[in-house]
Each structure stands twice: as structure tokens, then as C-alpha cells.
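Asks: Dropping a structure here in C-alpha cells format, bear with me for questions.
The values are calculated or read from the model by the stated rules, or taken from the named source; none is laboratory data. Here the structure is a predicted model, which is why all the values come from computation and not from measurement. Cβ sites come from the backbone with ideal geometry, for glycine too, and all protein chains shown count toward neighbours. These accessible areas exclude ligands, DNA and RNA; they are computed on the full protein's heavy atoms, side chains included. Shrake-Rupley method; radii C 1.70, N 1.55, O 1.52, S 1.80 Å.
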Amino acid sequence: MMDKPLTALLQPNGMPLDITGYEHAGGYQPLRKALKMAPEAIIAEVKRSRLRGRGGGGFSTGRKWEAVPQGEGSPSQRYLVVNGDEMEPGSFKDRLLFEQTPHQMIEAVIISAFAIQASIAYIFVRGEYVLSMERLNRAAAEAKARGYLGANILGSGFGLTIHVHASGGRYICGESSSLLTALEGRRPIPRSRPPRSAQSGLWGKPSVVNNVETLCNVPHIVERGADWFLSLSLGADGGTKLYGMSGRVKRPGLWELPLGTTLVELLEEHAGGMQEGYECRAVLPGGASTSFIMRDDFDVAMDFTSVQRVGSSVGTGNIMVLDNRRCPVGMLRNLEHFFAQESCGFCTPCRDGLPWVERILAAIEAGEGHMDDLDTLGRHVKFLGPNCTFCDLAPGAMQPLASGLKYFRAEFEQHIREKCCPWHDTEEHWA
Amino acid sequence: MSTAEQTPAPDAPLEAALREDIIALAHHAEYKRAAGTDALKLVQKRFGYVSDRHLSEVAALLEMTPAELDAVATFYNLIFRRPVGRHVILLCDSVACWVMGAGAARAQIRDRLGIKPGETTADGRFTLLPIVCLGHCDHAPAMMVDDDQHGNLNAATLDAILEQYR
Ligand SMILES: Cc1cc2nc3c(=O)[nH]c(=O)nc-3n(C[C@H](O)[C@H](O)[C@H](O)COP(=O)(O)O)c2cc1C
Ligand code: SF4
Ligand code: FES
């Protein structure tokens, strides 16, 4: 059977294992092993496993950890921060790990904190994930009662405190530097870099921010080694991936599969294909900040490099399907509304440009667009692109727009020519 | 259950017990201001929203100016700076729910309760607010009412869910 380390302990009833159940299933053994290793050895193993960040960026976890200053003369206070903001539209994977495997999360945090020698860890959870926070807090309390948390964990001399923080709710908090500012109790706008968080992060101390799914892999890498982790994947980078799918498919859901599973397999086998009467036109492969992939490219392997070759990115690996009964212009209007609303407002191109984009898209959808609006949209794609704004929110917002302008040009022009939406107003009716 | 009788007036000072809770939060945080969102949420739990008066009181406890704390409070989707109804409906308006019929859910709420996003029913029972993707996309369309998550909304389930909140 295929190894599914992240989801092996999911229970049919959706309830998480308590600490006794988790220990019986082998839980907290990786922690015991890790505490006997040198922290640098853990970092080296994680680096060799080619674990790449599951939060969207795909950065090498081992390399990120290596950048934390260690040893003589380095600041003694360091922080590990888990990014569980998960507000990227279409993404619902981290919630599953929080709700159904909270002990895996806690164990992952302890081992990862040990690797970078952080004595305080924050789990930053989006405020709406009430159940996640309940279960994480319970798991942390159970772990503390068993001596896995607190001062001098299992007699190792290493101590750790975990805080579960409920976000006030804003997409920009997921951006790693804003997240740190949010934790400090300030208005969470992104920070300029350099310095990198690894040098100067939370309260100016070395800090590592990692995604929930990224870290949940760590205990398994420690337990079973980098070679095993590499063997799980179909491509060059290690591990499985929590792929998900939403939209008019027969079985929307989440599946843990080898990294590099193809899009067509996800759609046809795991999601069961499209519902009766619907056709799949395109997908956003990994959230709102990724580019459309069209049917011709559905044989693409959903790994970091392959998806880039078809002009998009894996993002969160949670895929949204655009079907033939929904208007692509309407979908883009919905997406850009999200980005315009969630812009933090700090830099001008994003603060002013995104609402402008939304207004143009709304006008085109309503049949009030002009052909030169398409040029204006194209200009925004350029001026809100990479390196033109203070953070990656705006370039992310341009991903679906740029690809949408390219692939749905005919639909845009049809709206403008016919002065109406060819799909008409189906939005207010249940399908 | 109606909480209307138990909710104190928004211009009443924070009770001693609530002030103690906020002081404890600040004490546990590494720096007092880091307890800001948690403190505001406590106030909101008690009063339904954060009034100007309460914002100033919390700011003083955290050794911040009211303007500093308001810069945080006004930034967040889940901190309400104006009164809300007894129950808050957070209806997801992001893309997976849009594909699956969030617009129909919004229209049905408008028809049943007479409110659009941002509005409160005349009897103070519900406030409807839009919210971004709730991480429930495989059960779209989705919404929250207070702390409860609801998915797979359709014409029938939506009415039944609303009925649960009085
Ligand atoms: C606007 C914006 C929102 C983001 N939201 C999230 C998020 O909710 N969760 C997440 O893990 N990463 C998010 N990221 C990416 C983080 O900045 C960061 O790259 C990530 O947490 C690093 O973790 P990883 O290396 O384990 O992927 C976001 C980035 C941007 C620009
Ligand atoms: S790009 Fe947008 S979200 Fe990022 S700093 Fe600028 S205004 Fe804020
Ligand atoms: S888009 Fe509505 S829950 Fe994700």
C-alpha cells in the first residue's frame, strides 16, 4: 500500500486520536529519536529530504532552517511560527491537519523547534477555525501532562512553550512578515526585507515561519529518513501532497497522494470527474493566486517544477474547477474582489490598482465594458506584477487575471460586443 | 436563547472581572500589546462588538494609545467596531462558493430575512456579513453562524440552519 504519512491516522469518524491512541500508533517516538540527535543533524536530514514549503512558495525547508544563526554569539531567543492562516481562497488542507491530527502538529512543532533551538513556538490559526484551536489546545495540554512540552522535555534539557494564537482575520496575515507583525499586536502590514526573518523576525529575534503541512512532514522524516521521504514522491522533491479539489466535480475533497500526481488523475480518479451536465473548462491549481491551467495541459504532474512549465504554480495544491456553466469573467471579478478587499493598503499600486481592476471586470460582466478596458487590465498585470509592489499579494492577484486575459480573450470580447454576459444572471439561482 | 437581557450597555464600563482577564492576557504575552486581538475578542464576546469607550479602556490596559489599538481593531474582519445582531452570519463569498451557489444563498437570506450583506434584521436577530473562503470549499457553498460551521448549503438546508438560531 502507498504510504500516506500525514493522513495515516485519520479516523473514520473524523475525531482525532487522543494522546494515548496517538502514542499507541507510534506517536511521539519520532520526538524521542529527535531529542537524541544533534539539531544540525535534523536540519541536514530535512534538507536532504527535499521537503519544500507547502504554503505556496515552495522554499526548501532545510535551507530556511539553516539560515537561523546558531552557536556562539547568536541570539539565545529564537521563535518557530506555524502559519495556519489558510485564507487563500480554495484551500482547506491545513484545517484537516489541525482538526484531525492535532498531536501530529504538536509533535511536529516540538521537533522543528528543537532543530532550530527555539524555546517558544506560536501556532497562528485563522480566527474562524474554532474547532482547530480547541483541538490544538487540548493536544498541547495532553502533551504537556506527559512531559513532551514545558521545561526539560523528557529529560533532554530542551524546553518549549507553545502558544495557539487566534487571528483577527485578514488574508495579509498569511504573508509571513505580516504574520509576525500581527503576533506583535501591530497593524499587520508586511515588512521590508532584508533583514530576513531568520535573522530578525518576531520582536527582532531569529524566527522561522513554516506552513502547517510542511511541518507535519517533519516527524516522519526524522523517524524514517530522507531516502524514504524522497521515495514517496514521483518527482525530484520529496514527500506526498495534500491535494484537494472543489467545484462541480462528483466528489470534492482532499487526498494525500505522491507529490507529482497528475492533474488529470486528480480530476478523473480522485474527484470522480465532473457532475452530470457539467464540463471542466479550466482549473486554478493551487488557490486564487495561481494561473489558470487549460484542458490541454491537464496531464501535467502537480509538482513544483512541472506546473511552472505550464505557466502556473502548485500553490497550495488545492484545485478549483471552472465549469462550462460559469462565466470566466465573473470568476475573475470574484477573485479580484477578494484581492482588492484584502489588500493591506500600504502601497499605492495594489491599494488603488486592485479596486480599479475589480470595477473594470464588474463593468465588463455587466455589459458596460469597452475594448480598451482590456488594455487597461493588461497594464495592471504589468504594474502590479513581481517587484512592483511591496509584497506578493498583488503579483498573486495578477496570476489568474493575466492567464484569464490570455485564455478567455474571446469571452471578454463577447461580453463587450454583445453588451451582456453570455451566461446571463444565474448567480442568484440554486443549480 | 436570547442574550439581549444579559448584554450590558455598550457605554457601561468594563466589569472588574473582564478587566482582570485582560490584564492576565497582557501579563502572559511577551509584550502587553501582543494581547490586543485576544483582548478585543473578549470584549466582543461580552458586548457583541467593541465600542469606542471599550476600545479606549483596553488600550489603557495594554499601554497603547486608543489610535494604536484602533489601527489594529479596524484592520480585522472578525473585530466588529459597530453593533451586530444576536447572531452573526458569515457567508463565504470567495470563488469556490461562488461557483457552487453562494449568490443563491445570499439571495435566499435576503428574501427570508430582508437583509443584505452588512445589514442587521430589524428585530436584532441576525447580522449578515460577507467573509472570505472559510476553508470549507469541498462543502461549498459554506457559511458560519457565530462559531458554527455549515456547508453544502441549498434551499432546504439553509432555511433549516437559520431556524436553529433565535
Ligand atoms: C498574501 C499572502 C498570503 C499568504 N498566506 C499564507 C497562508 O495562509 N499560509 C501559508 O502557509 N503561507 C501563506 N503565504 C506564504 C508565506 O508568506 C510563507 O511563504 C509560508 O508560510 C512559508 O512556509 P513554507 O515554507 O512552509 O511554505 C502567503 C503569502 C502571501 C504573499
Ligand atoms: S502589495 Fe498590497 S498587500 Fe502587499 S504591501 Fe502592497 S498594498 Fe499591502
Ligand atoms: S470558497 Fe467558500 S469555503 Fe472556500
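Yes/no per residue for (1) open to solvent by less than 20 Å² (accessible area, probe 1.4 Å); (2) touching a residue at least 24 places away in the same chain (Cβ under 8 Å); (3) over 30 Å from B:Thr74 (Cβ atoms):
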{"residue": "A:Gly174", "(1), (2), (3)": "no, yes, no"}
{"residue": "A:Leu180", "(1), (2), (3)": "yes, yes, no"}
{"residue": "A:Pro195", "(1), (2), (3)": "no, no, no"}
{"residue": "A:Thr214", "(1), (2), (3)": "yes, yes, yes"}
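Asks: Related question: Can you tell me which of (1) within 13 Å of chain B (Cβ to nearest Cβ); (2) without any contact (Cβ under 8 Å) to a residue 60 or more places away in the chain; (3) of a type outside the set (Phe, Trp, Tyr) is the one A:Pro188 doesn't meet?
Replies: (2)
Asks: While we're here: Take the residues in the stretch B:114-135 that are touching a Lys or Arg at 6+ places or on another chain (Cβ under 8 Å) and either surrounded by fewer than 15 Cβ atoms within 10 Å (Cβ to Cβ) or touching a residue at least 12 places away in the same chain (Cβ under 8 Å) (or both), then tell me which one is farthest from the other protein chains (Cβ to nearest Cβ).
Replies: B:Gly124
Asks: Separate question: Could you please give the count of residues in the stretch A:16-46 that are in contact (Cβ under 8 Å) with a residue 24 or more places away in the chain, over 14 Å from A:Arg224 (Cα atoms) and either among the hydroxyl-bearing types (Ser, Thr, Tyr) or touching a strand residue (DSSP E or B) at 6+ places or on another chain (Cβ under 8 Å) (or both)?
Replies: Number of matching residues: 1.
Asks: Also: Go through the stretch A:159-172 and give me each residue that's open to solvent by less than 10 Å² (accessible area, probe 1.4 Å) and part of a loop (DSSP other than H, G, I, E, B).
Replies: Across the stretch A:159-172, the qualifying residues are A:Ser167, A:Gly168, A:Gly169.
Asks: May I pose another question? The conditions are (1) away from ligand 3 (no atom under 12 Å from the Cβ); (2) more than 14 Å from the chain's Cα centre (by Cα); (3) at positive phi, and B:Gly118 fails exactly one of them. Which is it?
Replies: For B:Gly118, the failing item is (2).
Asks: If a residue must be more than 16 Å from ligand 1 (Cβ to nearest atom), within 28 Å of A:Asp323 (Cβ to Cβ) and assigned to a loop (DSSP other than H, G, I, E, B), how many such residues does the stretch B:91-129 contain?
Replies: Result for the stretch B:91-129: 4.
So that you can scan it fast, the table gives a plain yes or no per residue for (1) within 16 Å of ligand 2 (Cβ to nearest atom); (2) under 30 Å from A:Pro188 (Cα atoms); (3) open to solvent by 20 Å² or more (accessible area, probe 1.4 Å):
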| position | (1), (2), (3) |
| --- | --- |
| A:Gly369 | no, no, no |
| A:Asp375 | no, no, yes |
| A:Phe383 | yes, yes, yes |
| A:Pro386 | yes, yes, yes |
| A:Ser403 | no, yes, no |
| A:Phe408 | no, no, no |
| A:Pro422 | no, no, yes |
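Asks: May I ask you to list the residues in the stretch A:126-158 that are farther than 22 Å from A:Val81 by Cβ, open to solvent by 70 Å² or more (accessible area, probe 1.4 Å) and small (Gly, Ala, Ser)?
Replies: Within the stretch A:126-158, just A:Ala145 meets the criteria.
Asks: Taking only the stretch A:331-380 into account, find how many residues are of a type in the set (A, V, I, L, M) and farther than 18 Å from A:Ser403 by Cβ.
Replies: Matching residues across the stretch A:331-380 total 5.
Asks: I'd like to check which helices (runs of 4 or more DSSP H) are fully inside the stretch A:318-431 and have at least 1 residues that are of a type in the set (D, E, K, R) and more than 16 Å from ligand 3 (Cβ to nearest atom).
Replies: A:348-365, A:371-383, A:393-407, A:409-418
Asks: Next question, about the same structure. Taking B:Ala105 as the residue in question, decide whether it is under 24 Å from A:Met274 (Cα atoms), exposed (fewer than 15 other Cβ atoms within 10 Å of the Cβ) and not hydroxyl-bearing (Ser, Thr, Tyr).
Replies: no
Asks: Given the criterion within 14 Å of another protein chain (Cβ to nearest Cβ) and either touching a Gly at 6+ places or on another chain (Cβ under 7 Å) or over 29 Å from A:Ser192 (Cα atoms) (or both), identify the matching residue among A:Pro328, A:Pro400.
Replies: None of the other options fit; the residue is A:Pro328.
Asks: In the stretch A:261-281, what residues are in contact with a Lys or Arg (Cβ under 8 Å, 6 or more places away or on another chain) and either open to solvent by less than 50 Å² (accessible area, probe 1.4 Å) or among the hydroxyl-bearing types (Ser, Thr, Tyr) (or both)?
Replies: A:Thr261, A:His270, A:Ala271, A:Gly272, A:Gly273, A:Met274, A:Tyr278, A:Cys280
Asks: On to the next question. Considering only residues that are β-branched (Val, Ile, Thr) and open to solvent by less than 20 Å² (accessible area, probe 1.4 Å), which ones fall in the stretch B:27-82? Walk me through how you get there before you give the answer.
Replies: Filtering the stretch B:27-82 for residues β-branched (Val, Ile, Thr) gives B:37, B:43, B:50, B:58, B:65, B:72, B:74, B:79.
Matches in the stretch B:27-82: B:Thr37, B:Val43, B:Val50, B:Val58, B:Val72, B:Ile79.
Asks: Within the stretch A:94-117, work out how many residues are surrounded by 24 or more Cβ atoms within 10 Å (Cβ to Cβ) and either at the interface with chain B (Cβ under 10 Å from one of its Cβ atoms) or in a loop (DSSP other than H, G, I, E, B) (or both).
Replies: 3
Asks: Can you pull out every residue in the stretch A:52-72 that is crowded, with 16+ Cβ neighbours inside 10 Å, assigned to a helix (DSSP H, G or I) and not acidic (Asp, Glu)?
Replies: Matches in the stretch A:52-72: A:Thr61, A:Gly62, A:Lys64, A:Trp65.
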